[in-house]
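Working notes for the structure below.
The values are calculated or read from the model by the stated rules, or taken from the named source; none is laboratory data. Being a predicted model, the structure only gives us computed values, none of them experimental. Methodologically, a virtual Cβ is constructed for each residue, glycine included, from the backbone with ideal geometry; neighbour enumeration extends over all protein chains shown.
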Amino acid sequence: MASSSTGYVKQLLASGVAAMVLVGGFAAAPSFMAGSAGAQPYRSQAPAGGPVSFADLISEISPAVVAIEVRQRPGAQSRSPFDLPDDSPFNFRDPNAGPTALGSGFFVDSGGVIVTNDHVIADAEQIVVRLQDGRELNARLLGSDEATDLAVLQVEGGGYPAVRFATSNALRVGDWVIAVGNPFGLQGTVTAGIVSALGRQNAGNSSYVDFMQISAPINSGNSGGPTFDLNGDVVGVNSAIFSPTGGNVGIGFAIPADTAAAVVQQLRSNGRVTRGYLGVQVQGMDEEIAQGLGLRDTNGALVAGVVDGGPGDQGGLRQGDVVLRIDGHLVEDSRDLTRRIGGYPVGREARLEVWRDGRRENVTVRLGERPSERELALDANLQLPSAPPSDALGLGASVRAATQGEREANQIESRDPGVFVEMVVAGSDLAAEGVEPGDIILRANGVPIRNAEQLGAMTELSRAQGRPVQLLVAKRDGSLRVIFVDPVPQP
């Protein structure tokens, strides 16, 4: 983690380790060093399959690892959870400069190409790298990708020690790994551990990275540094830790080499990463949604919204469709669909099998280019005017017609007018589904909703038919969700 950006690490915890025991004022040697009869001399024992020492390997690979200091733009907030004293020998930042971030990186080309994390160089005004031999070099940004948290830098000159990404996917849980980096400004720190898990999908908010979990201790400032295998190849780029205590608890996460290598190649060639784009918002399936739509299982991705004029809209996708397959491959969930589409080149045609109105249909979409993550997450943050609410019959909420300002604040791009949620009754189905004041209900059972009376009518129809009402809800964070709510029985 860059010491400016994660928020996992709150402080560095120091602990003392007693090497000798004082007995009567004298230092008594530990028993394994004693010369008493029967005592056995201590010998370094290698774990099964591991070397006695990593020293020879470290001497070969560590010169390729660099420390990174980023001076952020004026007005940027320093997010560092740890600050070294200005007179610390490990601190090479200017105490009179603006906000700074510390991180790590590594050469992948002797011509001066360095890989690090996107969050290390975020808001950078100046980037300085320090080599193991003490040289400090200014670096320029070749490109970055927020979606995978990777960035590529360039320094002038040549002949730099470089390492390479592992080309094999043979890494297994339990294999030895070594992390090298710049935690808390302590350049050249080496830690060792094992691969704890592979394919972690819940370690970050990226749909494009299945993280590798490692037990080698990494801390704030290790962000962007490499994790090596025993061949000296880079198997991961350190990115984050999980730390409920504020210190390292042996749970670190690295971006796998195959993902990193592909992204780095694009950044070196084009300065950015392009991904296929459907122009829809999707959400995962659960048993309730699957049952409501007449599906036998929860595979697939539910289309919660379609961007007007986007590739999906032009290709014929509709809100409420469930994408079951793409080019014949089963879609496991919404994340799987996002990843598969993102891996396609812009302009490619994707053949989608969708579930619509109780039957399977085929839709072909020519993919566009996915906007940046910041563009997708843009929040208008507008002031919401107040207006008298009206009750929506049998839903446990008060709603009224949404204003244009409210629609913009919820980043609604569809033509659906929608009703603004003023109040949600505690304990209601709406509350249980996460609907909150400020959300906008756009559709009920696929029908665009203009006012409270129309929503009440659709609710009453669902009640008469003995089925849940399907609602499309626009959240304040710009996301869309499809939920199923049982209408409240009338007295």
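Taking segment 309-326 as the range and being surrounded by fewer than 20 Cβ atoms within 10 Å (Cβ to Cβ) and touching a residue at least 40 places away in the same chain (Cβ under 8 Å) as the test, the residues that pass are Gly310, Gln314, Gly315, Gly316. With respect to the conditions (1) touching a residue at least 12 places away in the same chain (Cβ under 8 Å); (2) surrounded by fewer than 20 Cβ atoms within 10 Å (Cβ to Cβ); (3) closer than 24 Å to Arg351 by Cβ, Arg296 falls short on a single one, namely (1).
Within the set Ala254, Ala240, the sole residue that is within 21 Å of the chain's Cα centre (by Cα), modelled with pLDDT under 90 and at negative phi turns out to be Ala240.
Hey, can you tell me all the residues within segment 433-455 that are of a type in the set (Lys, Arg) and farther than 17 Å from Ser479 by Cα?
To start, the set of residues in segment 433-455 that are of a type in the set (Lys, Arg) comprises 443, 450.
The one that is of a type in the set (Lys, Arg) and farther than 17 Å from Ser479 by Cα: Arg450.
Elements of the type strands (runs of 3 or more DSSP E) sitting completely within segment 379-491 and holding at least 2 residues that are modelled with pLDDT of 85 or more, among the aliphatic types (A, V, I, L, M) and touching a helix residue (DSSP H, G or I) at 6+ places or on another chain (Cβ under 9 Å): these cover 397-401, 419-424, 440-444, 469-474, 480-485.
Being over 30 Å from Ala301 (Cβ atoms) and either touching a Leu at 6+ places or on another chain (Cβ under 7 Å) or surrounded by fewer than 17 Cβ atoms within 10 Å (Cβ to Cβ) (or both): is that true of Ser220 here? Answer is no for this residue. Residues that are charged (D, E, K, R) and farther than 17 Å from Val424 by Cα were ranked within segment 435-452; the one that is surrounded by the most Cβ atoms within 10 Å (Cβ to Cβ) is Arg443. Listed by position, the strands (runs of 3 or more DSSP E) contained in segment 276-326 that have at least 3 residues being within 22 Å of the chain's Cα centre (by Cα) and under 22 Å from Tyr208 (Cβ atoms) are 280-283, 301-306.
The set of residues in segment 160-198 being among the hydroxyl-bearing types (Ser, Thr, Tyr), surrounded by 18 or more Cβ atoms within 10 Å (Cβ to Cβ) and more than 22 Å from the chain's Cα centre (by Cα) consists of Tyr160, Thr189, Thr191.
Would segment 169-184 turn up any residue that is in contact with a helix residue (DSSP H, G or I) (Cβ under 6 Å, 6 or more places away or on another chain) and not β-branched (Val, Ile, Thr)?
Looking only at segment 169-184, we keep the residues that are in contact with a helix residue (DSSP H, G or I) (Cβ under 6 Å, 6 or more places away or on another chain), and these are 180.
Narrowing the set further to residues that are not β-branched (Val, Ile, Thr) leaves none.
No, segment 169-184 has no match at all.
Summed over segment 199-223, the residues that are assigned to a strand (DSSP E or B) and in contact (Cβ under 8 Å) with a residue 40 or more places away in the chain give a count of 5.
Among the residues of segment 262-275, write down those that are more than 20 Å from Leu352 (Cβ to Cβ), crowded, with 20+ Cβ neighbours inside 10 Å and within 18 Å of the chain's Cα centre (by Cα). I'd like the intermediate steps shown before the answer.
First, pick out the residues of segment 262-275 that are more than 20 Å from Leu352 (Cβ to Cβ): 262-274.
Now restrict to residues that are crowded, with 20+ Cβ neighbours inside 10 Å: 263-264, 267, 273.
Matches in segment 262-275: Val263, Val264, Val273.
Report yes if Gly174 is touching a Gly at 6+ places or on another chain (Cβ under 9 Å), at pLDDT 90 or above, in the same structural domain as Phe107 (by TED's automatic domain parsing) and part of a loop (DSSP other than H, G, I, E, B), otherwise no. Considered against the rule, which asks whether it is touching a Gly at 6+ places or on another chain (Cβ under 9 Å), at pLDDT 90 or above, in the same structural domain as Phe107 (by TED's automatic domain parsing) and part of a loop (DSSP other than H, G, I, E, B), Gly174 comes out as yes. Looking across segment 327-352 at every residue that is among the acidic types (Asp, Glu) and part of a loop (DSSP other than H, G, I, E, B), the one that is farthest from Ile289 (Cα to Cα) is identified as Asp327.
How many residues are surrounded by 10 or more Cβ atoms within 10 Å (Cβ to Cβ) and over 21 Å from Ser223 (Cα atoms) when one looks only at segment 149-159?
2
Report whether or not Arg140 is of a type in the set (D, E, K, R) and part of a loop (DSSP other than H, G, I, E, B). No.
If the condition is being among the aliphatic types (A, V, I, L, M), over 20 Å from the mean Cα position of the chain (by Cα) and surrounded by 12 or more Cβ atoms within 10 Å (Cβ to Cβ), then segment 327-357 contributes Val331, Val346, Ala350, Leu352, Val354.
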